[in-house]
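Presented below is the structure to which this report refers.
What follows is calculated from the coordinates using simple rules that are stated; it is not laboratory data. Because the structure is predicted, anything quoted here is derived from the model rather than measured. Counting neighbours? That spans all protein chains shown, and the Cβs are built from the backbone with ideal geometry, glycine included.
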Amino acid sequence: MRKNIVAGNWKMNNDLEETKLLLNELKKQQKKSEAEIMVAPTYISLDSSVKILENSDIEVIAQNMHFANSGAYTGEVSASMLKAIAVNTVILGHSERRSYFNETSELLAKKVDAALANNMRIIFCFGEELNDRKNNNEEEVVASQIERALFHLEASVWDNIVLAYEPVWAIGTGETATPEQAQDMHQFIRKTISNKYSDTVANSISILYGGSVKATNAKEIFSKPDVDGGLIGGASLKAKDFFAIVNAF
């Protein structure tokens, strides 16, 4: 049975003291949930975050990592470094990494391999831009992003992969795909996985929706049969708003 997941991607927000305040507020508000709960602070706060949340059910995850285990890569962080501080899940392929830092599917495939080699779980992001949607190319774009970065993998490793569909036109814009649009794409994604691997693999994978999820729309989005949770941006920076989304399950 696939898992429901709500992951908060804090992006480049919150210094160390702000992070500590928010994490302690999350601990206070946390209740037993049907969803796995994750938060992704900035690199400099990861170690402290793990320690603050060590007795909670909230997992600390990373926003990105390099494909090499070490070397002359100034400013980068490796999978083994994350594992050394008990960070075992990483977000890869976020649209902002693709657009601002020119991350390609070929590069992401190398990152995926490095994460899996270090026994890390991956939240792999992908999604179309507004022009793709207007030109009715969204399925072609999404299938290509999945195939080029993930379809070299053996079926056995998909237990360590969570997919996150994020229509780029709905990230930080206040625009949101309708629940029906989200369901249609998630169903297409599951079919794409099934065609490559099997129904068993496809039906075991959690597929999250990421794109301006809020407390006011989370319940309807999460009610769709192929939507297994959300990758949450701005709404994850306030404990009350974040848990309103978590409690939508």
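General observations
- Computed packing ranks the peptides 79-90, 121-132 as 121-132, 79-90, most packed first, by mean other Cβ atoms within 10 Å.
- Cα point-scatterer Debye curve for the chain, base-10 log of I(q)/I(0) at q = 0.09 Å⁻¹: -0.35
- Sequence-distant contacts, meaning Cα pairs under 8 Å at least 6 residues apart, place the relative contact order of the range 4-246 at 21 percent.
- Secondary-structure-derived ellipticity at 222 nm for the chain, considering helices only, amounts to -11500 deg cm²/dmol, per-run term -39500 (n - 2.57) for DSSP H runs with n ≥ 4.
- Cα centroid of the range 196-236 to Cα centroid of the range 100-126, whole Å: 20 Å
- Semi-axes of the equivalent ellipsoid of the range 58-136 are 25, 14, 10 Å, computed as sqrt(5λ) over the eigenvalues of the C-alpha gyration tensor in descending order.
- Computed extension length for Glu34-Lys110: 24.1 nm, one decimal, from 0.36 nm per residue of separation with the Cα-Cα distance subtracted.
- Evaluated at q = 0.26 Å⁻¹, the base-10 log of the normalised Debye intensity for the range 169-240, with identical point scatterers placed on the Cα atoms, takes the values -1.14.
- Proximal lysines to Lys27, defined as alpha-carbon separation beneath 24 angstrom and excluding residues fewer than eight positions away on the same chain: Lys3, Lys11, Lys51, Lys83, Lys214, Lys219, Lys238, Lys240
- Sequence of Ile5, Ile52 once ranked by neighbouring C-beta atoms within 10 Å, starting from the fewest: Ile52, Ile5
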